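Colleague: Below is the structure I would like to discuss, written out as structure tokens.
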Amino acid sequence: MSPFGTIGRLEHVSDVICHECGALTPGTTRPVHAYMDASPGCWQMYCELQEWQHSLRGDHGITTAQHVVDAYAAQHATNPDRRDRQSVTVHLMSLCASLEFGVSGRQRRAMIGDWTHREYPLLRPITDHYPVTVRDVKEAPVERRHEVVEEMATSTWSAWSIHHREIRTLLAGFLA
Ligand SMILES: [Zn+2]
């Protein structure tokens, strides 16, 4: 018998832990992101939040939407691919700009364009198990999601404390 169950249910495999963020994610054989090493089910949950993210409006809404993008990218950071190194660094810079300097999501979206297409170092996270993940955001009732995303952003930034100085220095070069 197939380890995945009956022949008719080949696509349904057991839930798996995403080895990057630590979330329990649906087992699936769907495609994954081009360079983030998220588990397929983790990436699927992120994609399922897109419609909600795109519905967010106003400064507060756009800040929340940007926090989801930033925190998710920072939580999936072990791939040495140049695009992933850049993604992790610029999204950590965006979290720093927001949480330490109060830069709005709208401003950060514009700034990220200036930060990309550069060479960035490979930053290694110190954890593969974040306290708040995309799963928590997805499972939260819509009226609580802003709050959960805030927790995801702050706890992800805290988890990267060994690289805070490096990120602040990079950011200062752009904010000067
Ligand atoms: Zn993940």
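Values quoted throughout were computed directly from the atomic coordinates according to the rules given, and no laboratory measurement underlies them. Being a predicted model, the structure only gives us computed values, none of them experimental. Counting neighbours? That spans all protein chains shown, and the Cβs are built from the backbone with ideal geometry, glycine included.
Colleague: Provide the gained length on full extension for the span S155 to D81, in nm with one decimal, where the gain is 0.36 nm per separating residue minus the Cα-Cα distance. Could the numbers behind the result be given before it?
Modeller: Working: separation 74, 0.36 × 74 = 26.64 nm, distance 2.48 nm.
Extra length available between S155 and D81 comes to 24.2 nm.
Colleague: Then there's this: Can you list the trypsin sites (Lys or Arg not before Pro) in segment 20-99 that are in a DSSP coil and have 14 or fewer other beta carbons within 10 angstrom?
Modeller: Numbers: sites: R57, R82, R83, R85; in loops: R57.
Taking segment 20-99 and a limit of 14 other Cβ atoms within 10 Å, the loop trypsin sites (Lys or Arg not before Pro) found are R57.
Colleague: Taking the Cα centre of segment 7-175 as the origin and placing charges on Cβ (Lys, Arg +1; Asp, Glu -1), which of H54, M93, V149 is farthest toward the positive end of the dipole?
Modeller: Checking the options against the dipole of segment 7-175, the answer is M93.
Colleague: Working out 0.36 nm times the residue gap between T127 and Q50, then minus their Cα-Cα distance, what length gain in nm do you get to one decimal?
Modeller: On the way: separation 77, 0.36 × 77 = 27.72 nm, distance 2.57 nm.
Value of the extension gain: 25.2 nm.
Colleague: Can you give the charge dipole size of segment 41-136 about its Cα centre, rounded to the nearest 20 debye, using +1 on the beta carbon of Lys and Arg and -1 on the beta carbon of Asp and Glu? Walk me through the intermediate numbers first.
Modeller: Working: 10 positive and 11 negative charges, 42 e Å.
Dipole size: approximately 200 debye.
Colleague: Tell me the GluC sites (Glu not before Pro) within segment 9-65 that lie in a loop according to DSSP and have at most 15 other beta-carbon atoms within 10 Å. Don't skip to the end; give the middle numbers.
Modeller: Details: sites: E11, E20, E48, E51; in loops: E11, E20.
In loop regions of segment 9-65 (DSSP not H, G, I, E or B), the sparsely surrounded GluC sites (Glu not before Pro) are E11.
Colleague: What length, rounded to one decimal in nm, is gained on full extension from F101 through to I162, with 0.36 nm per residue of separation minus their alpha-carbon distance?
Modeller: Using 0.36 nm per residue and subtracting the Cα-Cα distance, I get 20.1 nm.
Colleague: Around S55, what is the net charge, scoring Lys/Arg as +1 and Asp/Glu as -1 over all other residues with Cβ under 14 Å from its Cβ? Could you put the intermediate results ahead of the total?
Modeller: On the way: positive: R57, R145; negative: E48, E51, E143.
Net local charge, S55 excluded: -1.
Colleague: Calculate the dipole size of the chain relative to its Cα centre from +1 charges on Lys and Arg beta carbons and -1 charges on Asp and Glu beta carbons; express the result in debye to the nearest 20.
Modeller: 360
Colleague: Based on the Cα gyration tensor of the chain, what are the three equivalent ellipsoid semi-axes, each the root of five times an eigenvalue, rounded to whole Å and given largest first? Spell out each step's value before the answer.
Modeller: Working: eigenvalues 172, 71, 37 Å².
Working through the eigenvalues yields semi-axes of 29, 19, 14 Å.
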